[in-house]
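As structure tokens, the structure follows; a few thoughts come after it.
The values are calculated or read from the model by the stated rules, or taken from the named source; none is laboratory data. Computed from a prediction, not measured in an experiment: that's the story for all the values here. Here the Cβ is made from the backbone with ideal geometry for all residues, glycine too, and neighbour counts use every protein chain on show. Just so you know, the surface numbers come from the protein's heavy atoms only, side chains and all, with ligands and any DNA or RNA stripped out. Shrake-Rupley method; radii C 1.70, N 1.55, O 1.52, S 1.80 Å.
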Amino acid sequence: MDKAKVAEILDEIGTLLDLKGENPFKVRAYHNAARLISGLQQDLGELIETGRLGELKGIGEALTEKITELWKTDRLKYYDDLKASLPRGLVEMIAIPGFGPKRAQIVYRKLKVDSIEKLEAACRDGRVAALDGFGEKSQEKILQGIEQLRKFAGRHHYHKAYAAAQAILEALRAHPATIRCEAAGSLRRCRETIGDLDFLVSAKQKNAPALMEMFVKLPGVIAINAQGETKSSVVLDGGIQADLRVVSDAQFPFALAYFTGSKEHNIALRGRALKRGLSLNEYGFSKAGQEQTARDKGSVIKCRTEEEIYDALELDYIPPELREDMGEIEAAEEGQLPKLVEKEHLKGTLHNHSTWSDGIETIEAMANAALDLGLDYYGTGDHSKSQFQARGIKEDQIPDHIAEISKLDEKFRKKGFRIFAGIECDILEDGSLDYPDKLLSEFDFVVASVHRGFTQDEKTTTARIIKALSNPHVTMLGHPTGRLLLSREPYAVDLRAVIEACARYGVIIELNAHPWRLDLDWRWWKFAKELGVKCAINPDAHSIPDLQYLAIGVGIARKGWLTRDDVVNCWPAVRVEAALRRRRKS
Ligand code: DGT
Ligand code: CA
Ligand code: CA
Ligand code: ZN
């Protein structure tokens, strides 16, 4: 069993215990252990073998035993028993947004409701509203939550889909029959969530069956939906569906363009081809009215690459992230596509957490990890005092906090690396900030974020955020909508007004790169950029592996048409430092 799976099971145990009404400390111990294990830098197997697992903070004897059992036997009796002791439907219920274990327990005990279907029925006939502490409003909320859950079903967070795809790509590329191989679909376009994976391989026709045979037997495949000569479909561990198509190498660029999508982009391209008397599909170009098929001799215009397909349509090459039919074809026609930001352009990372709040590493360890990634600077951004459950920094700790960062900055300067002192400061319900201005002025930069009061109406929330933005100490707006992808809808907010306010006050907007957030949404960046608002791609890292989220953030920034110059953490340290300071002095 790998580390990630161990962490996942520990996390689930925490949830199950919560559902059973166990004491909150025990529940939290499992959730914390899960976070610790998933972010662990040392080798878990080695810690277990050398008996040093218990030395980790928060891993006591009971947890050591359970983790060891999981690691060594791939199973855990305690977990199996726990799962068996609760109705399956009850566990499923807690995935309903806004419906936690506590409420699940109540409806289970009082109404004998043990499935989502029964819960929906109990809401429809008013039994839930009649329960103590529920009422009409929360009953309505639960119904909305069930609707949302059904909408989310079958989609996956980007990092999970990406990780699953990498393993499969490696296997497919290593196969001797493979000529070219790519993952297409929404993954290649870097959508914020992924429905299924679409793999494409080019090979000689006679080799296709062998490739299919390998594909359906890959580790991680838990079910085979279909296995054919040119197309197979499987379900992977974690519930992600993966399709594989094998085409000839001459068809490959056409199939790649087609299966990359989006559907809307394809339709627009096809329309453009038709205007030129051509028909375009996944096999190639043909004379209009004579569709290519898989067996045809080949495209009437030969294209070795996607670039050549766009060229044949008199378009500049359109990077996959832009293929959403949102103006990219017009821009490509006029030679107006932006030169998109790239991973290699990143020079630093701002807004990260440490053991000063809810992160699992020290600032020094995090900064070293950023240095190892080849970055030139690191910004801290721990929580402010109102986030007490995330151990937000109390006012009287701030001098020590800043002193530690200054000392580290001095030390790292010798390596040509900078550390900036930031803070993720809560925007309180009334739009004021969690610390007085005097304390805020101690920091190099302030990320202002909403972490509660999500139920305020749109007008109130918008005014609340804009009031916070007007404070000259605020350098950046954190995760502007508070959404958690596939789990929590954004709070009601007029983003247009918020972005305009950012432009007015010179506030940077965060592109929170945590795969559950990817907030500000990519659809808004073009507008923000037109107003001159700058972007910070922030991993919001709570552990060293979380720093990898930067790459996902770059994908989303590309989707938002951003260039290197639009992204502040692609700037050299001196320029960033000046930019962070500018507003507060003016
Ligand atoms: P997903 O899987 O929901 O995250 O999104 P996609 O974009 O990966 O969609 P998927 O897997 O259904 O199909 C992959 C690509 O195949 C899609 O982006 C465009 C192409 N495609 C699928 N169906 C159609 C269609 O009916 N017409 C056209 N023109 N293209 C299609
Ligand atoms: Ca797909
Ligand atoms: Ca698909
Ligand atoms: Zn936050």
Applying the selection to segment 161-202, what residues are within 16 Å of ligand 3 (Cβ to nearest atom) and among the charged types (D, E, K, R)? Glu182, Arg188, Arg189, Arg191, Asp196, Asp198
Is there a residue being over 25 Å from Gly532 (Cα atoms), assigned to a loop (DSSP other than H, G, I, E, B), within 16 Å of ligand 4 (Cβ to nearest atom) and open to solvent by 40 Å² or more (accessible area, probe 1.4 Å) anywhere in segment 476-491? no
Expected output for segment 197-222 (first residue under 20 Å from Tyr283 (Cα atoms) and among the acidic types (Asp, Glu), partner open to solvent by 20 Å² or more (accessible area, probe 1.4 Å) and within 16 Å of ligand 1 (Cβ to nearest atom), Cβ below 7 Å, 6+ apart or cross-chain) is Asp198/Phe259
Determine, yes or no, whether Asp540 is away from ligand 3 (no atom under 16 Å from the Cβ), over 26 Å from Gly145 (Cα atoms), in a loop (DSSP other than H, G, I, E, B) and not small (Gly, Ala, Ser). yes
Within segment 304-323, identify whether any single residue is within 26 Å of Lys204 (Cα to Cα), hydroxyl-bearing (Ser, Thr, Tyr) and in contact with a helix residue (DSSP H, G or I) (Cβ under 8 Å, 6 or more places away or on another chain), and answer yes or no. yes
When only residues in segment 267-290 that are open to solvent by less than 30 Å² (accessible area, probe 1.4 Å) and of a type in the set (Ser, Thr, Tyr) count, which is farthest from ligand 3 (Cβ to nearest atom)? Ser286
Where in segment 196-266 are the strands (runs of 3 or more DSSP E), entirely inside, with at least 1 residues that are crowded, with 22+ Cβ neighbours inside 10 Å? 196-202, 231-236, 241-247
Picking from Leu70, Leu53, the residue that is surrounded by 19 or more Cβ atoms within 10 Å (Cβ to Cβ), free of Cβ contacts under 8 Å to residues at least 24 places away in the same chain and not polar (S, T, N, Q) would be Leu53
Name every residue in segment 486-511 that is without any contact (Cβ under 8 Å) to a residue 40 or more places away in the chain and more than 22 Å from Gln456 (Cα to Cα), in order of residue number. Ala503, Arg504
Find the residue count for segment 112-135, including only residues that are surrounded by 16 or more Cβ atoms within 10 Å (Cβ to Cβ) and part of a loop (DSSP other than H, G, I, E, B). 7
Taking the residues in segment 431-452 that are acidic (Asp, Glu) and more than 19 Å from Tyr378 (Cα to Cα) as candidates, determine which candidate is least open to solvent (accessible area, probe 1.4 Å). Asp434
Output the residues belonging to segment 347-378 that are buried (at least 23 other Cβ atoms within 10 Å of the Cβ) and part of a loop (DSSP other than H, G, I, E, B). Leu350, His351, Asn352, His353, Ser354, Gly359, Ile360
So Gly555 fits all but one of (1) farther than 26 Å from Arg464 by Cα; (2) free of Cβ contacts under 8 Å to residues at least 60 places away in the same chain; (3) touching a Cys at 6+ places or on another chain (Cβ under 9 Å); what number is the exception? (2)
For Arg155: the one exception among (1) open to solvent by 20 Å² or more (accessible area, probe 1.4 Å); (2) in contact with a Gly (Cβ under 9 Å, 6 or more places away or on another chain); (3) away from ligand 3 (no atom under 16 Å from the Cβ): (3)
For Glu307, work out the one condition from (1) assigned to a helix (DSSP H, G or I); (2) charged (D, E, K, R); (3) surrounded by 20 or more Cβ atoms within 10 Å (Cβ to Cβ) it doesn't fulfil. (3)
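Is at least one residue of segment 241-249 over 29 Å from the mean Cα position of the chain (by Cα), polar (S, T, N, Q), modelled with pLDDT of 95 or more and within 26 Å of Pro320 (Cβ to Cβ)? Explain how you work it out, then say what you get.
Residues of segment 241-249 over 29 Å from the mean Cα position of the chain (by Cα): 246-249.
Those still in the list that are polar (S, T, N, Q) too: 248.
Retained after the next criterion (residues that are modelled with pLDDT of 95 or more): 248.
Add one more test, that the residue is within 26 Å of Pro320 (Cβ to Cβ), and what stays is 248.
The answer is yes, given that some residue of segment 241-249 is over 29 Å from the mean Cα position of the chain (by Cα), polar (S, T, N, Q), modelled with pLDDT of 95 or more and within 26 Å of Pro320 (Cβ to Cβ).
Select from segment 172-195 the residues that are surrounded by fewer than 19 Cβ atoms within 10 Å (Cβ to Cβ) and outside any loop (DSSP other than H, G, I, E, B) and write down the one among them that is nearest to ligand 4 (Cβ to nearest atom). Before you say what the answer is, go through the steps one by one.
Filtering segment 172-195 for residues surrounded by fewer than 19 Cβ atoms within 10 Å (Cβ to Cβ) gives 173-180, 193, 195.
Checking the rest, the ones that are also outside any loop (DSSP other than H, G, I, E, B) come to 173-174, 180, 193.
Details: Arg173: 38, Ala174: 40, Arg180: 41, Thr193: 20 Å.
Result: Thr193.
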Just one of the numbered conditions (1) free of Cβ contacts under 8 Å to residues at least 40 places away in the same chain; (2) under 27 Å from Gln205 (Cβ atoms) is not true of Ala288; which one? (2)
Give the number of residues within segment 194-212 that are away from ligand 2 (no atom under 16 Å from the Cβ) and farther than 18 Å from Ala257 by Cβ. 10
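Residue by residue, here is whether (1) closer than 30 Å to Tyr549 by Cα; (2) assigned by TED's automatic domain parsing to the domain that holds Ala242 holds:
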residue: Leu90; (1), (2): no, no
residue: Pro97; (1), (2): yes, no
residue: Lys118; (1), (2): no, no
residue: Leu131; (1), (2): no, no
residue: Leu169; (1), (2): yes, yes
Any residue at all in segment 34-50 that is under 29 Å from the mean Cα position of the chain (by Cα), surrounded by fewer than 17 Cβ atoms within 10 Å (Cβ to Cβ), at pLDDT 90 or above and assigned by TED's automatic domain parsing to the domain that holds Gly135? yes
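May I ask you to say which residue of Glu12, Glu65 is open to solvent by 70 Å² or more (accessible area, probe 1.4 Å), assigned to a helix (DSSP H, G or I) and among the acidic types (Asp, Glu)?
Of Glu12, Glu65, the one residue that is open to solvent by 70 Å² or more (accessible area, probe 1.4 Å), assigned to a helix (DSSP H, G or I) and among the acidic types (Asp, Glu) is Glu65.
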